[in-house]
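Below: one structure, written as structure tokens.
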Amino acid sequence: MARWAVLRRAYRVDPTKAVPGKMADVDRQRHEERDERAVRVREAVTAFDAATEREVASRARFLAELDRLADPFSRDDDPVHVTGSAIVTGRRGTVLHWHKRIGGWLQPGGHVDPGETPWEAALRETGEETGLAVRHPVGGPVLLHLDAHPAGAHFHLDLRYLLTAADNDPAPPPGESQQVRWFTLAEAMEVADDALIDGLRRLQSYVEVSDGGER
């Protein structure tokens with residue numbers, strides 16, 4: 001009996017140390033990954049050259065919320081959170097989709113899934129909502145625009161990344177808005193939500209610098 005007591009003591013798991021230690025390692029890794037995303041986003045927002053009154057206000061709100069939020073990417077932790085969307089460019093212009101709840105033409109995009117970066121979310125959401133094969137520029141993600149705005153019960157800190165697409169017609173899958181189409185930039189500026197106009201102007205400047213084309 002004494003021998004079995006020794007063996008039980010030798011192999012007994014201390015619930016206050018062993019398991020929490022493992023979980024602490026996992027939590028620490030997740031925290032570091034989350035912090036790395038937040039650091040990169042903060043650097044990009046800090047470097048964003050806000051020009052209009054709305055952009056200046058949005059940039060300031062971004063920086064304040066990034067300092068306040070423990071996890072700025074979680075839609076569950078706080079009504080205020082970072083989202084990722086896309087300003088798509090191609091030879092045919094830009095792609096917008098009709099948002100039923102808002103009742104307007106918007107850029108594709110949405111919430112950041114767990115473990116994602118906002119630029120990954122922009123890529124995924126755009127593919128899901130438009131059916132187009134989109135990609136970031138060769139040099140990597142480009143933060144073209146940002147905007148802070150209410151979205152129902154939430155408040156979105158929306159990062160708009162430049163994505164490129166071929167000339168294919170959008171083919172959204174069932175369950176997504178079927179009203180998705182290419183617009184010339186002039187057409188897009190006529191119909192787009194006010195929160196997107198500054199972003200479209202930035203796209204126009206990008207197009208003119210890149211190839212001098214009219215879209």
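Taking into account only those residues within region 164-201 that are farther than 20 Å from Glu125 by Cβ and not acidic (Asp, Glu), which is surrounded by the most Cβ atoms within 10 Å (Cβ to Cβ)? Spell out how you get there, then give the answer.
Within region 164-201, the subset farther than 20 Å from Glu125 by Cβ is 167, 184-187, 189-191, 194, 197-198, 201.
Next, only the ones that are not acidic (Asp, Glu) stay: 184-186, 189, 191, 197, 201.
Values: Thr184: 13, Leu185: 19, Ala186: 12, Met189: 16, Val191: 12, Ile197: 17, Arg201: 15.
Restricting to residues being farther than 20 Å from Glu125 by Cβ and not acidic (Asp, Glu), the top hit is Leu185.
Test His149 against the stated conditions and say whether it is farther than 22 Å from Ser58 by Cα and touching a Phe, Trp or Tyr at 6+ places or on another chain (Cβ under 8 Å). Write out each step before concluding.
Working: farther than 22 Å from Ser58 by Cα: no; touching a Phe, Trp or Tyr at 6+ places or on another chain (Cβ under 8 Å): yes.
When the stated conditions are applied, His149 does not pass them.
Can you run down the residue pairs with Cβ atoms below 8 Å, 6 or more apart or on separate chains, where the first is in region 37-50 and over 18 Å from Ala70 (Cα atoms) and the partner is of a type in the set (Val, Ile, Thr) and modelled with pLDDT of 95 or more?
Final answer for the pair search is Ala50/Val56.
Run down Val56, Val39 and say which single residue is more than 17 Å from Thr117 (Cα to Cα) and either loosely packed, with under 15 Cβ neighbours inside 10 Å or modelled with pLDDT under 95 (or both).
Working: Val39 fails: more than 17 Å from Thr117 (Cα to Cα).
Criteria check complete, one pass: Val56.
Given the condition under 17 Å from Asp147 (Cα atoms) and among the polar types (S, T, N, Q), answer yes or no: does some residue in region 61-81 qualify?
Taking every residue of region 61-81 in turn, none turns out to be under 17 Å from Asp147 (Cα atoms) and among the polar types (S, T, N, Q).
For Asp113, work out the one condition from (1) more than 17 Å from the chain's Cα centre (by Cα); (2) over 14 Å from Ala165 (Cα atoms); (3) not polar (S, T, N, Q) it doesn't fulfil.
The failed condition is (1).
Residue by residue, here is whether (1) at pLDDT 95 or above; (2) in contact with a strand residue (DSSP E or B) (Cβ under 6 Å, 6 or more places away or on another chain); (3) within 13 Å of Gly93 (Cβ to Cβ) holds:
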{"site": "Thr130", "(1), (2), (3)": "yes, yes, no"}
{"site": "Ala148", "(1), (2), (3)": "yes, yes, no"}
{"site": "Ala153", "(1), (2), (3)": "no, no, no"}
{"site": "His156", "(1), (2), (3)": "yes, yes, no"}
{"site": "Leu159", "(1), (2), (3)": "yes, yes, no"}
{"site": "Glu187", "(1), (2), (3)": "yes, no, yes"}
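Got at least one residue in region 27-36 being out of contact with any Asp or Glu (no Cβ under 9 Å at 6 or more places or on another chain), outside any helix (DSSP H, G or I), at pLDDT below 95 and surrounded by fewer than 12 Cβ atoms within 10 Å (Cβ to Cβ)?
No, because not a single residue in region 27-36 is out of contact with any Asp or Glu (no Cβ under 9 Å at 6 or more places or on another chain), outside any helix (DSSP H, G or I), at pLDDT below 95 and surrounded by fewer than 12 Cβ atoms within 10 Å (Cβ to Cβ).
Here is a check on your reading of the model: is Val95 under 14 Å from Arg37 (Cβ atoms), of a type in the set (A, V, I, L, M) and crowded, with 16+ Cβ neighbours inside 10 Å?
On the way: under 14 Å from Arg37 (Cβ atoms): no; of a type in the set (A, V, I, L, M): yes; crowded, with 16+ Cβ neighbours inside 10 Å: yes.
Considered against the rule, which asks whether it is under 14 Å from Arg37 (Cβ atoms), of a type in the set (A, V, I, L, M) and crowded, with 16+ Cβ neighbours inside 10 Å, Val95 comes out as no.
Being under 23 Å from Val56 (Cβ atoms), among the polar types (S, T, N, Q), in contact (Cβ under 8 Å) with a residue 24 or more places away in the chain and touching a strand residue (DSSP E or B) at 6+ places or on another chain (Cβ under 8 Å) is the requirement here; does Gln179 meet it? Let's see the steps before the verdict.
Numbers: under 23 Å from Val56 (Cβ atoms): no; among the polar types (S, T, N, Q): yes; in contact (Cβ under 8 Å) with a residue 24 or more places away in the chain: yes; touching a strand residue (DSSP E or B) at 6+ places or on another chain (Cβ under 8 Å): yes.
Criteria not met by Gln179.
The values are calculated or read from the model by the stated rules, or taken from the named source; none is laboratory data. Model, not experiment: these values are computed from the prediction. Note that we place each Cβ from the backbone using ideal geometry, even for glycine, and neighbour counts take in every protein chain shown.
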